[in-house]
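Worksheet for the structure shown next.
The values are calculated or read from the model by the stated rules, or taken from the named source; none is laboratory data. This structure is a prediction, so every number in the text was calculated from the model and none was measured. Heads up, the Cβs are rebuilt from the backbone with ideal geometry, glycines too, and the neighbour counts pull from every protein chain shown. Please note that ligands, DNA and RNA were not included when accessible areas were found on the heavy atoms of the full protein model with its side chains. Shrake-Rupley method; radii C 1.70, N 1.55, O 1.52, S 1.80 Å.
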Amino acid sequence: MNKKRLTAAILASACLLSGCSAVIENPPPTSTTEEVFDVDNIRAQDDFYGYVNGGYLYNMDVNPVTGSGGSFDLCNDMVLDRIQAIFADVIAGDRSTYEEGSSRQIVYDAYYQIANSKVTMDSVSVVNLLATIDSINDVSSIDELFKEYSVLVNEYGIPAFYDFDIKVNPYDTTEYVPVFTFHALGDLEKIQIGGTYAKEIRDKIAFNLRCLGVSEEEANERANNLIYMEIDIAANTDLDLVDAAEDDRIGTAYKLMTVDELDNLLPNYGIDGLCRMYGISRSRLSNIGVYDIGHVAYMDSVLIEENLQELKDLAIYSLMDMYGDYIPFDGPENSTPPTADSIAMTITRSFKDQVSELYAEYYYDETVVEDVTNMTETLIAEYVELINNSYMSAEGKAAIIDKLCAIEINIGAPEAGEADPSKAELIGEDALDTLIGVRRNMIMEFVNQIGSPVDRETESWSMSVYAVNACYDPRMNSITIPLGIMLSPFYDANASRGANYGGLGSVIGHEISHAFDNEGMNYDANGVYKPDWIPAADRTVFNERNQALIEYFNSFTVNDVYHVDGKLTLGENLADIGGLQCVMSVLNASEQQDAFESMLKKYFATVVPVYLPTSWHYIDAQELVQKLKDIFPEQEKFIDANEEILSKYFSKKIEAEGEIVVQIKSLFWKCRL
């Protein structure tokens, strides 16, 4: 347990509802004099960092909605425009020509439902939802409550109490394993601290209760008690393990436990409660993953009769938080009409597979996919060369190369399947009914994975086709590059080879490198978690190099105060360095400059090359000869043939003048947002 965090939670919960909030205020300024930062007159020789970055930092305009900017945001905007164009084309079509269960039919119906919402207080979906809330209010015991929890899961797709995920077993990648995650009504760390964040959640709980007819006084009291219970749960959670779970992209941060072990850990409702809630038989469970044993044990301890009202309110809040916006408490005439952006966002979240299929139908370019596939294969082949020239033993090199050559490459989009008429049932009587059906279907597919063999294609293509992203999955030993990221400035069919390698190529190289970062290196060519798959001597050197990189990045600070966490960023740093090295190894000198400029343009709007005079001083003739070989590798044979003559000439000049000074121009980049 993180003692500092626990202490903060206890103090915060004590003052949460007494009008006191755990807020640290900055001291008042000591001077009202405003320092003028003259960006345009910074000289490179005086302040090179300011010369390159000053304008960007001073004039930075952060998007207040996304809090970010750059190539990913640019491409995301382009993808959203494309998706809206697809939707416009689909809804302009003839609905009668769309095959039942097809992506076009589902998107057409969902779009019209959301855009022309007809949900009223008399709608079947609203009546049923409010009836479920009444049933929860009528519960008089924990046993009865678990029946209602089962309704939430199986009818509404909401895990109200026990939260768990389904992951590929890292020790046997042919099977899925359920994993207990973390219960929370929001950010656990912020809830543990209490203060303003916890108060905002409490206010939402009270508001929802008032919407359901509870008096203001009672709603506030019940909301207070529920948020106190949530603070207690957060205080009994190891937040370091929460962080580990969030970063657990390869599924090894949890501990596998048997059903019997968990029964001993959870004496109240434990595994039987989980089975009742999710409607599964105990026989389907063998091993279960647990991130934080203390968190799960405390959750079980909360399941007692004296907490019944809070547990009921937790179920009610879970329903209202998910679906409450669709209930027209003030009448449908007072509802705010949805915007085109909000409709597109709702559909892409609810119907990822259907939108992915349509995106591929409209924007799949076989020539582009073939080029990106060739780029990926070229980078893997170059990686093989880098490994052959690395520090590793012959046995280690062979193991690494086997894994490289076994990487499954998924580029563009998966093959489209046939229309499934049963999918038409996802569209309900109204927008609320449809959303409930989608959530219910999602959680049922989720539960059905327990005990089923792993579907490699589904796992490899878990990312949407329109995602502006890419990934490497060590459990599948696969790399996925979806269509969404095949846009400028990452990729442009009309750009130079160097520019495309510097853009999308650096992303692909980065993802390939994740196969051999501090986490990926623990998985063999079959995706099995097996840290000893490479020789121990190679592992030792690998760890030593990792430690050196950690210490290197630890030396960097932000504002001369906050140190970079080299251990936390190790995986990404390794992937960046390995990917860029691989890309630069593929390209010639001219292409390398194009690639580097393209990479910079992913982050800056203006990128200008700046050549500054630099002097190299040599007092050793052999060092200068070696430098010539490094700079002019294509002339290495000529230099080798004349090395003796060159060495004598340089030695004589150094003896006469004390040194040889070489005047060159070094390339730097001036970048601005």
Q | Surface accessible to a 1.4 Å probe, per residue, for the residues of the stretch 208-337, Å² | A | 44
Q) Carbon and sulfur together cover what percent of the accessible area of the stretch 242-373 at a 1.4 Å probe radius? A) 46
Q) Of the heavy-atom accessible surface of the stretch 93-241 (probe 1.4 angstrom), what whole percent is carbon and sulfur? A) 45
Q. How high is the relative contact order of the stretch 185-264, given as a whole-number percent (alpha carbon pairs under 8 Å, six or more residues apart)?
A. 29
Q) Between residue 543 and residue 577, how many nm apart are label points set 7 Å from Cα along the C-beta direction? A) 1.8
Q: Whole Å is fine, so just give me how far the alpha carbon centre of the stretch 186-237 lies from that of the stretch 328-400.
A: 38
**Q.** Dimensionless Rg/Rh of the stretch 396-448 - Kirkwood Rh, Rg from C-alpha atoms
**A.** 1.32
Q) Could you give the nm distance between label points at residue 361 and residue 393, where each point is 7 Å from its Cα heading toward the beta carbon? A) 5.6
Q: Among the listed pairs 190/423; 199/567; 403/567; 167/403; 255/312, give every one whose C-alpha distance is greater than 32 Å.
A: 190/423; 199/567
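Hey, any idea what the orientation-averaged projected area of the convex hull of the stretch 303-368's Cα atoms comes to, in nm²?
Over every viewing direction, the Cα hull of the stretch 303-368 projects on average to 8.3 nm².
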Q: Over the residues of the stretch 397-490, compute the C-alpha Rg and express it relative to 2.2 N^0.38 Å.
A: 1.40
(Q) Skipping prolines and chain starts, which residues have an amide H placed within reach, meaning under 5 Å, of the one on residue 523, given they are 5 or more residues away or on another chain? (A) 530
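Just the number: Rg to Rh for the stretch 177-271, Cα atoms, Kirkwood Rh, two decimals.
Result for the stretch 177-271 is an Rg/Rh of 1.08.
Using every Cα-Cα pair within the stretch 215-296, state what percent have a distance larger than 19 Å. Mind showing how you got there, number by number?
Values: 1830 of 3321 pairs.
Above the 19 Å cut-off, the stretch 215-296 has 55 percent of its Cα pairs.
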Q.
Probe of 1.4 angstrom, ligands and nucleic acids ignored: what's the accessible area per residue over the stretch 132-196, in square angstrom?
A. 34
Q: Please provide three numbers in whole Å: the alpha-carbon extents of the stretch 64-138 along the principal axes, with the largest listed first.
A: 53, 42, 19
Q: Write down the radius of gyration of the stretch 203-356 and its Dmax, each obtained from C-alpha positions, in Å.
A: 19.6, 55
